[in-house]
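Visitor: One structure is given below, represented as C-alpha cells, and several questions about it will come after.
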Amino acid sequence: MNPNLLFLKICCILILISCKDSKPEKSARPNVIIVMADDQGWGDLSTHHNSYLETPSIDQFKTESTSLERFFVSPVCAPTRASLLSGKWAISTGAWSVTNRDEVMRSETITIAELFKGAGYATGIFGKWHNGAQYPENPKGQGFDEFLGFTAGHWNNYFDTTLKNINDQPVKTKGFITDVFTDAAISFIKNNREKPFLCYIPYNAPHSPFQVPDRYFDKYKAKGLNDKDACIYGMCENMDDNFGRILSVIDQEHLSENTIVIFMSDNGPNGKRYNDNMKGIKATNDEGGTRVPFFVRWPRKIASGKKIETIAAHIDILPTLSNLCGIQIKDSTSIDGMDISSQLLGVNVAVEDRYIFSHWSGLNWNEIPGSVRNNQYRLVLKKDDTTLYDMRKDPNQITDIFDSLPRISNTMLQKYDQWIKKVYREGVKRTPISIGYKEAPETLIEAHEFNLGDGLKYYGVQGWANDWITQWDSKKDTIKLDIKINKRGSYSFEILYNCNESQLGSEIAIQIQKKEIKNKINTSFHGKALFSPDRIKRKEVYERTWGTIKIGNSNLEKGISTLKIYATEIAKDSVMTLKAIKIKYNQ
C-alpha cells in the first residue's frame, strides 16, 4: 500500500475513535441540576471556616462557581421549597408552615418543573418534596416525570427504607438514603443525556432523625464532638461525597460544560453550632436562620471564583434559570422573584436595592415573628420586640438601632406590613385534598393532615409527619378534613390502625355528603416498632407497622365536602389508634 495512503487511513481511524470516545457536548439548552441540603446552615461547610467539618467536593465546587454571598431563604423547610419551585413568596402559594397541611403548595401554582417540561426538558426529583402528599399537589401533579423519595417533612428511617416513586407506589431500597437518592439521580442523568434535563435533588440530610453510616459518625466522634453534632457533620460529609459523585458523572458523560449546577440549603442549621457568629438558627427570622450557601456553576457562561455581595433569595431561582435556559414565563407578573441572570453572567447593570422578607410564627398563624432585609439593614419583628440592625457594620446583630434610625425603621415596618397582608390574602387557606383522578386512583391521608376534635391528641404531641391519633375515647371525638371530589363515582374507604383486644367491638363511621358508612373493629392489630439506628433520641415518633380494615363504599358527587370520622360504639375505654385513611376511586 502507498505509505501516504496508509498514513491517511490511520489518521482517519484515529479521528473516528476519538469522535466516538469524546461524545462532544450538545449546543442545545443547558441542563439544570439543583442540589439542596436540608437544615445545613451557612457554617456547615469547611469552605466557610468550620474547623471540624470536611466538605472537599463542595469546597472545590465553590472555587469553580459564582457564589451568592447574601442569599436568603425561609426559616423552615417547606416554605423554602415552595418558593424555589414557584418563584413566589411561599405564603401566597399556601405553604407557610411544615405540617397539618399548612406546607401544601396549591396545584394551580406553576412550578419550575412544569415550565421546563413544557419546553421539552426531562424532569426528575430525588429526595424530599414536602409541598403536598396527594395528587395533584405531589411531584407527579406538579410537573415531574420521575420521582424517588418522600413527600412528608421528614422520614422515619434512613437505612434500607421504603420510599415512593412517581406513581406513589412503594419502592424498597437498600443502603443509606442519601446514597440511594444519588444513585437515582445519576440514573436519571444518564438516561436523559441526549436531551435537556432538570434534575432536582433535595436531600433530607442533615435533618433529623439523626442517622449516618458508622465510618462518618466515628470520624467526628474522634474529633471530640457530641453524638448529635458528630452525626450531623457525618451526614454533611456523606452528602458532600455524593455531591462529588454527581459532578463526576456529568464529567464522565461530557455534560459539565453545558450544565448549570446549583448547591444550596433550605434554612439555617438545626441546632446551635458553628454558624460564622451569625445570630439565629433554623426557625428564626434572623440572619443565621435564613442565610444559606448558594453556589452556581455553568462553565460555558458563568465565571468561576466570583462572589456577588448584593442580596438574593429563593424566589429568584425560577425566573433566573428560566432566562438562562431561554424559557419564557407567560405570566411574569405572577412571579415575585427577580431575574438575576445579568449578575451571574457578569453583565454590568445597575442593581436596585430591594426587600427580602421572611416569616415563621410556628404551627399557628400569626403575622409575626418575621423580618425584612435589604442590602444594608435587617428589621426583625417579634411578639414583644422589634429591632433593626446595620448588617454591613454589625453582621452579627449585636447593636439594635431601631430607635436611632426612625425613618428607616418605619419604612421597613411598612414594607413588612404591606407584604404580610398581601401574601396572607393570597395564600393562608388550607388546600382540600383531592380524590377521583385516573392518574392517582388511591389517596392516602395521614393523621397529621386531619383536623382533630378537642378530645383527640397526636401521640407525638406536635403532629409532625408520620404521627398518629390517640386518646379516642368519646363518641363526641371527631376527625375532620375537607375533600374535593374530582369525579362523581364510587369510592371505597379503609383505615390504618392499631388496637388491642380490649378495644374490639368499637364501631367506626365515616360521613361525607350526608352519607354514612361504618364497620366494627373485630380484629386486633399490635403494631411492631421498627428498628431505628438513631444516634440520639429523636423528637419525632418512631416507625411502626399498621393494620388495615375496610369501612365500606360510598357513591359521591363532584364537589368539595367535609369528611368526618367518629365512633358510633366504643368498647370499654377507647376506640383505637388511627394512623391514616385510604380512599380508592373505583373507576
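Visitor: Counting residues in segment 111-187 as N, plug N into 2.2 N^0.38 Å and put the Cα Rg over that result.
Guide: Normalised Cα radius of gyration, segment 111-187: 1.07.
Visitor: Report the GluC sites (Glu not before Pro) located in segment 83-144 that are in a DSSP loop and have at most 15 other Cβ atoms inside 10 Å of their Cβ, or state none.
Guide: On the way: sites: Glu103, Glu108, Glu114, Glu137; in loops: Glu103, Glu108, Glu137.
Here the sparse-neighbourhood loop sites are Glu108.
Visitor: In whole angstrom, how far apart do the alpha carbon centroids of segment 453-468 and segment 561-587 sit?
Guide: 15
Visitor: Suppose every Lys and Arg Cβ carries +1 and every Asp and Glu Cβ carries -1, with no other charges. What dipole size does the chain come out with about its Cα centre, to the nearest 20 debye?
Guide: The calculated dipole for the chain is roughly 1120 debye.
Visitor: Taking the Cα centre as origin and putting +1 on Lys and Arg beta-carbons and -1 on Asp and Glu beta-carbons, what dipole magnitude results for segment 171-221, to the nearest 20 debye?
Guide: Around 80 debye, computed over segment 171-221.
Visitor: I've got another one for you. Over the heavy atoms of Met264, what accessible area does a 1.4 Å probe trace out, to the nearest 10 Å²?
Guide: Here the accessible area works out near 0 Å².
Visitor: Sticking with this structure for a sec: For segment 195-294, what D do you get in µm² per second when you plug the Kirkwood radius from alpha-carbon pairs into Stokes-Einstein at 25 °C and 0.890 mPa s? All intermediate terms of the calculation are to be shown ahead of the outcome.
Guide: On the way: Rh = 15.3 Å.
Diffusion coefficient, whole number: 160 µm²/s.
Visitor: Using the Cα centre of segment 455-587 as origin and beta-carbon charges of +1 (Lys, Arg) and -1 (Asp, Glu), tell me which of Val541, Ser492, Phe531 is placed farthest towards the positive end of the dipole.
Guide: Result: Ser492.
Visitor: Using only C-alpha positions, report the orientation-averaged shadow area of the convex hull of segment 122-256, nm², one decimal.
Guide: Result: 8.3 nm².
Visitor: While we're here: If eta is 0.692 mPa s and T is 37 °C, what Stokes-Einstein diffusion coefficient results for segment 363-512, Kirkwood Rh from Cα pairs, in µm²/s?
Guide: Result for D is 163 µm²/s.
Visitor: Taking every Cα atom in the chain, find the radius of gyration and the maximum pairwise distance Dmax, and write them in Å.
Guide: Rg then Dmax for the chain, in Å: 25.8, 102.
Visitor: Same structure again: Pull out the extension gain between Lys195 and Asp573, defined as 0.36 nm times the separation in residues minus the alpha carbon to alpha carbon distance; nm, one decimal.
Guide: That works out to 129.9 nm of additional length.
Visitor: Could I ask something else about it? Which residue, Ser342, Tyr220, Ile512, has the largest displacement toward the positive end of the dipole of the chain when charges sit on each Cβ (Lys, Arg +1; Asp, Glu -1)?
Guide: Ile512
Visitor: Count the DSSP beta bridges whose two residues both fall in segment 340-488, then state the antiparallel fraction as a percent rounded to the nearest 5.
Guide: Percent antiparallel among DSSP bridges in segment 340-488 is about 85.
Visitor: Just list whichever of Lys457/Lys515; Lys62/Lys117; Lys518/Lys584 have alpha carbons separated by over 18 Å in the model shown.
Guide: Lys457/Lys515; Lys62/Lys117
Visitor: Using the crude model of +1 on Lys and Arg Cβ and -1 on Asp and Glu Cβ, and no other charge, please compute the dipole size for segment 281-405 relative to its Cα centre, in debye to 20.
Guide: Charge dipole of segment 281-405: 720 debye, to the nearest 20.
The values are calculated or read from the model by the stated rules, or taken from the named source; none is laboratory data. Model, not experiment: these values are computed from the prediction. All Cβ positions, even for glycine, are placed from backbone atoms using ideal geometry, and neighbour counts span all protein chains on display. Quick note on the areas: whole protein, heavy atoms, side chains included, nothing else; ligands and nucleic acids left out. Shrake-Rupley method; radii C 1.70, N 1.55, O 1.52, S 1.80 Å.
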